[in-house]
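One structure is given here, and the rest of the page talks about it.
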Amino acid sequence: MVYNYESLTTDVLVIGGGGAGARAALEASRWGAKVILAGKGPVGKSGLTPTANGGYQTPFMAEDSPELYCADQLRLGCGLNDERLLKVLSEESLSCLKELEGMGAGISWQPSHFEPTLSHPRSVMIPGKVMMQVLRKSIRSERGITLAEGWLVTRLLVNEGKVWGASVFDLKRGQFILVKCPAIILATGGLGELYSNSANSPLGIPTGSVGEGCWLAAQAGCELVDMEMIQLAVVPVRPEIISGLRHLPWGPFFNSMGQEFITPGEGPYSPLAARQVAAEITEGRGPVYIDLTDKTYRSFARHPAAKVRDKTLYRLALTPFQGRIEVAVSSLFSMGGVRINEQCETSVAGLFAAGEVSGNVHGARRTAGNAFPEIMVFGRRAGKYAALFAQENTPEKDNRKASEFGVETERIKRLIASESEGDAVSPVYIKHAIQNVMDQYVHVVRDEGGLSRAENILRTMEEDFLPRLGVTGGLVAMNLSLMEAIAVPGMFKVARMIVASARARRESRGAHYREDYPQEGPVAQHTRLLWKDECPIVDMVPVERLKAV
Amino acid sequence: MKDVDNVTITIYRYTAGLENKPGYETYKVPVKGKMTILQALQYIYEEIDPTLGFRQYCCGVQYCNSCRMLVDGHPVHTCIKVIEKEEYTLEPLKGYEIIKDLIVDWDKKIG
Ligand SMILES: Cc1cc2nc3c(=O)[nH]c(=O)nc-3n(C[C@H](O)[C@H](O)[C@H](O)COP(=O)(O)OP(=O)(O)OC[C@H]3O[C@@H](n4cnc5c(N)ncnc54)[C@H](O)[C@@H]3O)c2cc1C
Ligand code: FES
């Protein structure tokens, strides 16, 4: 079999075609950089951004202020948000939103109150699909951006603590590409699909949110923080056709005995509500239902995200207003990830990160409607600072350092050569096995016993399964099984990173609840993770406070 | 609307770059409650045939067009198309080069 490979050079490579990546590419190009915007799915039409409802928090009302916004986020984030990042977010979210409006996005400016405990309602509405439509249009009119759809980035290439390129597998052509560039922006989104029940897989169809960016970064020697902080929230699960539907109003919850049980005042994103729902189910009082049958369909149908799918649901008498809906707890958002500063720099020179893959913006709890401003504000910043970095640092000219690329292509060639025969295991099987471990031991309630079990099982499975990982179909265009097989080793690593961080945080804070350490510790500290000698190494480091400036 | 227990789905198969002739393959999928065509494709990929090509990425809200294909000859968003009968035929959208099975290359219009 002949394996083609081509080599390309650019100033900035953006990995990820969701909101953060699209915004970053646009900005980098505006700052004069030659940009490749690469995504394993169609750019601007994949990832989580188009699936999202559209809440966008910005403190724009007269009685509100950036300071009040920061205080709210810090309180709900349990003090774990880096304050300089929050400050940037509070000050720039409005201008980013106005830019989107300028590009033609329709915004509904009436602020809603998705989080009952925020001091002010400040979520305006810009549906994810609208955001992506206008960004995609702007990108298309930008000469400096090459859209690279179907490019799966499999490894970052680093030399002496500095990125110099990335290895790419072109899913459409079944071909390897070596991209040489002085600056890379990671905008690969979330990792919710490490759990079987995930709002990251609407209708149970994967969006590919398996945390590849965290693994790419860790493998490149980059620092990650608070990987244990995963938002697990109450989400409809049955009927299956509405699983993952997120735009429900909050209503009364009942267990199988008809008892209402959620603490009043908690909203849809509350970790306490999630634990209460999970407890009803694990303690045998499930299934749990949300009862919205006294609310009217019309108010619900006005929700932009409801317009399409729910017409179908209404016809099937399956909207939450026509009958009770079974709910459970499912993964929604990853607060942890790659550590960034205000310029979106990471601890590896030339590597920038923005969006859900980044780690220290939301602390121990992301509030509803606060990811959209994040992807716009930090996407824009990452684009600017990566472009400036590229101006000062030219792309690598010689091929001498290409050995890492060679290692990576060999790894994938071996996968392709493996046929799923005999004792081979399929990537789908392995993915489900990892999800089972995460569901069982690394969910809303954790303890040392469960976490150390998870670690052991993950390591044993990794040793057992990875050598037998088998791909069906070989080197052909858009081989889904191959794409999943390429991602599976990284899923193991990311799961292990989450477990190691959860073990290191011996306290309960926000989304991370430890039954053996139920109290919040006296000082908020990040779990900081580095990947060394095939293992996650975690220590505790201080959270950045503004006063210390 | 009728509930069905099983659905038989006939799918157009073709892989660009391989010397194979386009053809059709038929799969039987159990239907649990209400199910979309896209969910049935995911079932086939996971449980029956991992070589099936379709675009998985799912916005679920008729935006990304990933899931658009011909269902019994008509272009449909399969993420919101609920299975209501016992047989369907799925083919890739017309007017684009086919990459694999139900996946077309949106960058390459033909005809
Ligand atoms: C159901 C749901 C509703 C939500 N509602 C809201 C809301 O109302 N308001 C709000 O603020 N937030 C909301 N969120 C959260 C928000 O949608 C996400 O956090 C945000 O869209 C993430 O954007 P992103 O650009 O970081 O990543 P994504 O949009 O997920 O994009 C990631 C991109 O990276 C690509 N990619 C990944 N790995 C690779 C790789 N190795 N190589 C190449 N490409 C790769 C993917 O294909 C994709 O294009 C919601 C989330 C969900 C799941
Ligand atoms: S999955 Fe996006 S339109 Fe159907």
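The values are calculated or read from the model by the stated rules, or taken from the named source; none is laboratory data. For clarity, every value in this text was computed on a predicted model and none was experimentally measured. Backbone-built Cβ (ideal geometry, glycine too); neighbour counts: all protein chains shown. Heads up: the accessible areas ignore ligands, DNA and RNA and are worked out on the full protein's heavy atoms, side chains in. Shrake-Rupley method; radii C 1.70, N 1.55, O 1.52, S 1.80 Å.
Taking residue A:340 as the residue in question, decide whether it is farther than 18 Å from residue A:126 by Cα and away from ligand 2 (no atom under 16 Å from the Cβ).
Values: farther than 18 Å from residue A:126 by Cα: yes; away from ligand 2 (no atom under 16 Å from the Cβ): yes.
It is true that residue A:340 is farther than 18 Å from residue A:126 by Cα and away from ligand 2 (no atom under 16 Å from the Cβ).
Within the set of pairs 6+ apart or on separate chains, which have a first residue in region B:50-68 that is more than 7 Å from every other protein chain (Cβ to nearest Cβ), a second that is open to solvent by less than 40 Å² (accessible area, probe 1.4 Å) and of a type in the set (S, T, N, Q), and C-beta atoms under 8 Å apart?
Here the result reads B:55/B:66; B:67/B:78; B:68/B:78, each pair linking region B:50-68 to a residue that is open to solvent by less than 40 Å² (accessible area, probe 1.4 Å) and of a type in the set (S, T, N, Q).
Name every residue in region A:395-423 that is over 30 Å from residue A:350 (Cα atoms), open to solvent by 80 Å² or more (accessible area, probe 1.4 Å) and at pLDDT below 75, in order of residue number.
Within region A:395-423, A:419, A:421, A:422 qualify.
Under 7 Å by Cβ, and 6 or more places apart or on different chains, what pairs join a residue from region A:55-81 that is free of Cβ contacts under 8 Å to residues at least 40 places away in the same chain with one that is buried (at least 23 other Cβ atoms within 10 Å of the Cβ) and in a helix (DSSP H, G or I)?
From residues that are free of Cβ contacts under 8 Å to residues at least 40 places away in the same chain, the pairs are A:66/A:90; A:70/A:86; A:70/A:90.
Please work out if residue A:243 is among the polar types (S, T, N, Q) and within 16 Å of ligand 2 (Cβ to nearest atom).
Numbers: among the polar types (S, T, N, Q): yes; within 16 Å of ligand 2 (Cβ to nearest atom): yes.
So residue A:243 fits the description; yes.
Inside region A:47-164, counting only strands (runs of 3 or more DSSP E) that do not spill past its ends, which hold 2 or more residues that are more than 14 Å from every other protein chain (Cβ to nearest Cβ) and either within 16 Å of ligand 2 (Cβ to nearest atom) or on the phi < 0 side of the Ramachandran plot (or both)? Walk me through how you get there before you give the answer.
Values: elements: A:55-57, A:108-112, A:123-125, A:145-149, A:151-159.
Once the strands (runs of 3 or more DSSP E) in region A:47-164 are filtered for at least 2 residues that are more than 14 Å from every other protein chain (Cβ to nearest Cβ) and either within 16 Å of ligand 2 (Cβ to nearest atom) or on the phi < 0 side of the Ramachandran plot (or both), what remains is A:55-57, A:108-112, A:123-125, A:151-159.
Go through (1) away from ligand 2 (no atom under 16 Å from the Cβ); (2) not in a loop (DSSP other than H, G, I, E, B) one by one and return the number of the condition residue B:52 breaks.
(2)
Could you check residue A:344 against (1) on the phi < 0 side of the Ramachandran plot; (2) modelled with pLDDT of 95 or more and say which number it fails?
It is condition (1) that residue A:344 fails.
Within region B:74-111, track down each residue that is surrounded by fewer than 22 Cβ atoms within 10 Å (Cβ to Cβ), over 22 Å from residue A:315 (Cβ atoms), more than 16 Å from ligand 1 (Cβ to nearest atom) and not aliphatic (A, V, I, L, M).
Result: B:89, B:91, B:94, B:95, B:96, B:97, B:105, B:107, B:108, B:109, B:111.
Taking region B:55-70, which residues are near ligand 2 (Cβ under 6 Å from one of its atoms), out of contact with any helix residue (DSSP H, G or I) (no Cβ under 6 Å at 6 or more places or on another chain) and not small (Gly, Ala, Ser)? Outline the logic, then answer.
Residues of region B:55-70 that are near ligand 2 (Cβ under 6 Å from one of its atoms), as a first pass: B:58-60, B:62-67.
Filter once more, so that each one left must be out of contact with any helix residue (DSSP H, G or I) (no Cβ under 6 Å at 6 or more places or on another chain): B:65-66.
Within region B:55-70, just B:65 meets the criteria.
Identify, please: which residue in region A:251-293 is closer than 15 Å to residue A:323 by Cα and among the hydrophobic types (A, V, I, L, M, F, W, C) and is, among those, most open to solvent (accessible area, probe 1.4 Å)?
A:254
Considering only residues of region B:23-49 that are out of contact with any helix residue (DSSP H, G or I) (no Cβ under 8 Å at 6 or more places or on another chain) and open to solvent by less than 40 Å² (accessible area, probe 1.4 Å), which is farthest from the other protein chains (Cβ to nearest Cβ)?
The extreme case among them is B:23.
For the list (1) within 14 Å of another protein chain (Cβ to nearest Cβ); (2) among the charged types (D, E, K, R); (3) farther than 28 Å from residue A:329 by Cα, I need the number of the one condition that residue A:534 fails.
(1)
Looking for whichever is under 26 Å from residue A:428 (Cβ atoms), in contact (Cβ under 8 Å) with a residue 24 or more places away in the chain and either away from ligand 2 (no atom under 16 Å from the Cβ) or not hydroxyl-bearing (Ser, Thr, Tyr) (or both) here; the options are A:178, A:194, A:224. Which one fits?
Numbers: A:178 fails: under 26 Å from residue A:428 (Cβ atoms); A:224 fails: under 26 Å from residue A:428 (Cβ atoms).
It is A:194.
Somewhere in region A:24-41, is a residue within 16 Å of ligand 2 (Cβ to nearest atom), in a helix (DSSP H, G or I) and either within 14 Å of chain B (Cβ to nearest Cβ) or modelled with pLDDT under 90 (or both)?
First, pick out the residues of region A:24-41 that are within 16 Å of ligand 2 (Cβ to nearest atom): A:39-41.
From the residues that got through so far, the ones that are in a helix (DSSP H, G or I) too are none.
No, that holds for no residue.
Give me the pairs, please: first residue somewhere in region A:445-458 and over 15 Å from residue A:493 (Cα atoms) and open to solvent by 30 Å² or more (accessible area, probe 1.4 Å), second residue anywhere and assigned to a loop (DSSP other than H, G, I, E, B) and of a type in the set (Ser, Thr, Tyr), beta-carbon distance under 7 Å, and either six or more positions apart or on two chains.
Correct list of pairs: A:445/A:513.
Using the structure shown, decide if residue A:461 is without any contact (Cβ under 8 Å) to a residue 40 or more places away in the chain, away from chain B (no Cβ under 14 Å) and in a helix (DSSP H, G or I).
Working: without any contact (Cβ under 8 Å) to a residue 40 or more places away in the chain: yes; away from chain B (no Cβ under 14 Å): yes; in a helix (DSSP H, G or I): yes.
So residue A:461 fits the description; yes.
Taking residue B:57, is it assigned to a loop (DSSP other than H, G, I, E, B), over 14 Å from the mean Cα position of the chain (by Cα) and of a type in the set (Phe, Trp, Tyr)?
Values: assigned to a loop (DSSP other than H, G, I, E, B): yes; over 14 Å from the mean Cα position of the chain (by Cα): no; of a type in the set (Phe, Trp, Tyr): yes.
No: the conditions fail for residue B:57.
Exactly one condition in (1) in a loop (DSSP other than H, G, I, E, B); (2) over 21 Å from residue B:23 (Cβ atoms); (3) in contact with a helix residue (DSSP H, G or I) (Cβ under 8 Å, 6 or more places away or on another chain) is false for residue B:76; which is it?
With respect to (1) in a loop (DSSP other than H, G, I, E, B); (2) over 21 Å from residue B:23 (Cβ atoms); (3) in contact with a helix residue (DSSP H, G or I) (Cβ under 8 Å, 6 or more places away or on another chain), residue B:76 is out only on (1).
Exactly one of (1) farther than 20 Å from residue A:224 by Cβ; (2) buried (at least 24 other Cβ atoms within 10 Å of the Cβ) is unmet by residue A:140. Its number?
Of everything listed in (1) farther than 20 Å from residue A:224 by Cβ; (2) buried (at least 24 other Cβ atoms within 10 Å of the Cβ), residue A:140 misses just condition (2).
Is one or more of the residues making up region A:470-493 in contact (Cβ under 8 Å) with a residue 40 or more places away in the chain and over 30 Å from residue B:16 (Cβ atoms)?
Checked region A:470-493: at least one residue is in contact (Cβ under 8 Å) with a residue 40 or more places away in the chain and over 30 Å from residue B:16 (Cβ atoms).
Condition first: in contact with a Phe, Trp or Tyr (Cβ under 7 Å, 6 or more places away or on another chain) and closer than 22 Å to residue A:48 by Cα. Now tell me which residues in region A:132-170 satisfy that.
A:152, A:154, A:168, A:169, A:170 - these are the residues of region A:132-170 that are in contact with a Phe, Trp or Tyr (Cβ under 7 Å, 6 or more places away or on another chain) and closer than 22 Å to residue A:48 by Cα.
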